[in-house]
Amino acid sequence: MNEKSNTKNELFSYCLQLGDNSLILGQRLGEWCGHGPVLEVDIALTNIALDFLGQTRSYFQYAAEVEGLGHTEDQLAFLREAHEYRNYLLLEQPNEDFAYTIIRQFFFDAFHRLFLEKLSESTDSQLAAIAAKSLKEVKYHFRFSSDWVRRLGDGTAVSHKKIQQAVDDLWMFTGEFFQPTELEENMAASGVGVDVTALKTPYLTAIKDVLSEATLKWPDFEPNQHGGKEGRHSEYLGHILSEMQWMQRTYPNMSW
Amino acid sequence: MSDKQGWPLWEIFIRSKNGLNHRHVGSLHAPDAEMAMENARDVYTRRSEGVSIWVVESRHITASNPENNGEFFEPAQDKVYRHPTFYEMPEGIKHI
């Protein structure tokens with residue numbers, strides 16, 4: 001057992017970061033509601049969106065408890081500014097089309113699964129429990145997204161072209177997963193958080209396996225985009241928040 | 001049998017808990033059995049309705065013809081002696 005321990009503020013920020021990832025991707029997937037390519041896929045995407053919102057609630061409830069200032073999960077979700085969000089840049093990228101949505105999902109699911117496997121061994125029992133519960137959902141997410149990558153890649157000429165384009169365009173956002181911030185280093189050192197640098201090799205293997213089965217080309221460059229974890233976001237996040245937070249900003253303190 | 005995208009129709013059967021039979025719950029479209037299974041999971045079990053799923057392509061089901069209902073089903077209607085209702089149940093026997 002490592003002697004190093006984290007401050008309350010570090011644990012709070014770490015929970016927020018984990019919750020932000022689920023929240024922003026969940027919100028993006030929710031945009032598909034009623035617009036899915038077929039009814040069954042529409043329901044599948046919104047199911048996954050709801051899984052993410054459930055995960056977000058767990059992280060934010062715990063974050064609020066750790067912070068101890070009487071904030072609620074809703075206040076953490078709806079009353080922060082864009083620069084206070086810590087989600088990966090990949091997750092705020094627009095849905096574009098079904099191919100982009102699937103590749104964004106696939107790139108994240110492959111990472112998320114490895115991450116939660118480690119987080120479920122956290123020395124923090126609450127985070128370990130949230131991770132163990134979420135892992136079951138995320139294994140299904142990965143199954144869903146990787147299955148579609150294979151189908152579209154090894155499908156028609158049009159589906160192959162579209163999904164290859166999405167692979168090439170979104171790959172640059174995946175490097176951020178494995179570049180630890182100071183916070184992540186401190187959290188990993190105490191055994192509460194996950195050492196993300198160790199996940200890179202198994203991640204690349206998982207991605208390569210699926211892309212090769214899908215007859216897709218490996219994007220031959222080092223992913224270079226990062227900043228989401230430090231609050232430096234693309235313009236997309238502002239648009240997401242203006243929609244997501246509209247109700248609470250317009251009618252402060254309203255509830256159902 | 002197939003929709004405009006060429007996806008065939010599948011009939012979905014769910015077992016709600018161990019010990020019970022699979023029951024027909026509805027149908028959906030999917031390109032193959034594997035995806036029919038995943039779609040069934042998302043469409044029909046998201047409120048914890050099941051512990052097991054069967055999917056069967058609809059074209060493999062042979063259905064009785066409503067025109068034959070007379071000869072198929074009506075002869076059974078006046079044969080009440082086929083129901084086990086002509087003896088008394090002993091007291092204390094439950095769940096029958």
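The values are calculated or read from the model by the stated rules, or taken from the named source; none is laboratory data. It should be emphasised that the depicted structure is a prediction, and the values quoted were computed from it without experimental measurement. Don't worry about glycine lacking a Cβ; one is built from the backbone with ideal geometry, like all the others, and counts go over all protein chains shown. Surface areas here come from the heavy atoms of the whole protein model, side chains and all, with no ligands, DNA or RNA. Shrake-Rupley method; radii C 1.70, N 1.55, O 1.52, S 1.80 Å.
Numbers at a glance
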item: Protection proxy ranking, peptides B:24-30, A:65-71, B:67-73, A:101-107, average beta carbon neighbours within 10 Å, highest first; result: A:101-107, B:24-30, A:65-71, B:67-73
item: Estimated 222 nm signal from helices in chain A, with DSSP H stretches of n ≥ 4 weighted -39500 (n - 2.57), rounded to 500; result: -21000 deg cm²/dmol
item: Solution diffusion estimate, µm²/s, Stokes-Einstein, the stretch A:211-256, Kirkwood Rh from C-alpha pairs, 37 °C, viscosity 0.692 mPa s; result: 227 µm²/s
item: Three-way shape label, chain B, alpha-carbon gyration tensor, a/c 1.5; result: oblate
item: Computed [θ] at 222 nm, helices only, for chain B once each DSSP H run of length n ≥ 4 contributes -39500 (n - 2.57); result: -5000 deg cm²/dmol
item: Peptide B:29-37 - average C-beta neighbours from other chains (10 Å radius); result: 2
item: Relative contact order (percent, whole number), the stretch A:3-250, Cα cutoff 8 Å, 6+ residue spacing; result: 25 percent
item: Of the chymotrypsin sites (Phe, Trp or Tyr not before Pro) in the stretch A:146-238, those whose Cβ has at most 10 other Cβ within 10 Å and which sit in DSSP loop; result: A:PHE221
item: Nonlocal amide H pairs with A:GLY193, under 5 Å, H built at 1.01 Å; result: A:ALA188
item: Between 0 and 90°, nearest 10: helix B:33-44 axis offset from chain B longest Cα axis; result: 70 degrees
item: Carbon and sulfur %, accessible surface of the protein assembly as shown computed with the full protein complex present, 1.4 Å; result: 52 percent
item: Cα gyration tensor shape for chain A, rounded if a/c is under 1.5, else prolate or oblate; result: oblate
item: Flagged links, alpha-carbon separation over 20 Å, of A:LYS4/A:LYS139; A:LYS200/A:LYS229; A:LYS139/A:LYS208; result: A:LYS4/A:LYS139
item: Candidate lysines - alpha carbon under 21 Å from B:LYS79, same-chain residues fewer than 8 apart omitted; result: none
item: Peptide A:71-83 - average C-beta neighbours from other chains (10 Å radius); result: 0
